[in-house]
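Chemist: Mind having a look at this structure? Questions to follow.
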Amino acid sequence: MVVGIDPGTTATGYGVVAREPGGEPTLLECGVFRTTAKAPLHGRIREIFEGVDQVLERFSPDVVAVEAVFQGKNARSALMLGHARGAVLVAASLRDLAIAEYAPREIKKAVVGNGGATKEQVGFMVQERLRLKDPPSPSDAADGVAAALCYLTLAVDGRLAGVLPHRFAPRSADA
């Protein structure tokens, strides 16, 4: 089972996708964590952490697939995205989960076949690949599902494609 996350400080999309060996992927849940717009940054980061942590608690996934920070023209946006990603990474790390990170273009290429796909195209292909009646809504949720599908698409022969190679060992009493 994979939890895909599209981090953002105002809206963090997520999707929980399962696939039996040799079977088709199935969407178990998707949605968006919306933070309190006027809350200070540290409060918003806590809201993201708590929302992600609740999903990880409910589903106990094998891996968390997270969209990586993209290099854009707006440094402030990239910095804010980094804060949201940090909350997601800490939530997954505290549960000792494997983490796969993918660039936005890599997710779009894996799901749509085109790294420059639009949000509408991503939503449509998520709908098609999961045989859903409608695309996940809003687009942030579809992007979270797409991150999970990216992992499932790139995982070859049981290897964890794009997964960070480390796991944290429990702290000893001596540390």
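Bear in mind that the values in this text are calculations on the coordinates, not laboratory data. The structure presented is a predicted model; accordingly, all values stated were derived computationally and were not measured. Positions of Cβ are backbone-derived with ideal geometry, glycine not excepted, and every protein chain shown enters the neighbour counts.
Chemist: Among Leu149, Leu130, Leu79, which one shows the highest mean-square fluctuation when the chain is modelled as a Gaussian network with alpha-carbon springs under 10 Å?
Modeler: Leu79
Chemist: Could you derive backbone 3J(HN,Hα) for segment 88-93 from the dihedral phi with the Karplus parameters 6.51, -1.76 and 1.60 (θ = phi - 60°), listing whole Hz in sequence and x where the residue is Gly or Pro?
Modeler: 5, 5, 5, 4, 5, 5
Chemist: Report the one residue of Val64, Ala39, Cys150 whose Cα lies farthest in the direction of the positive end of the charge dipole of the chain (charges on C-beta: Lys and Arg +1, Asp and Glu -1; origin at the Cα centre).
Modeler: Ala39
Chemist: Can you give me the relative contact order of segment 2-154 as a percent, contacts being Cα pairs under 8 Å and 6 or more apart? Numbers along the way, then the final one.
Modeler: Details: 301 pairs, mean separation 52.5, N = 153.
Relative CO of segment 2-154 lands at 34 percent.
Chemist: Right, something else. Kirkwood hydrodynamic radius, computed over distinct alpha-carbon pairs, for segment 37-86: how many Å, to one decimal? The partial results should precede the final answer.
Modeler: Details: mean 1/r = 0.0805 Å⁻¹.
Final number for the Kirkwood radius of segment 37-86 is 12.4 Å.
Chemist: Calculated from DSSP H runs of 4 or more alone, at -39500 (n - 2.57) each and per residue, what is the 222 nm mean residue ellipticity of the chain, nearest 500? Don't skip to the end; give the middle numbers.
Modeler: Numbers: 5 runs with 76 residues, N = 175.
The helix contribution divided over the chain gives -14500 deg cm²/dmol.
Chemist: Computed over the Cα atoms of segment 26-164, what is the convex hull's projected area averaged over all directions, in nm²?
Modeler: Orientation-averaged projected area of the Cα hull: 8.7 nm².
Chemist: Using a simple charge model, +1 on the beta-carbon of Lys and Arg, -1 on the beta-carbon of Asp and Glu, nothing else, what dipole does the chain show about its Cα centre, in debye to the nearest 20?
Modeler: Working: 20 positive and 20 negative charges, 103 e Å.
For this selection, approximately 500 debye.
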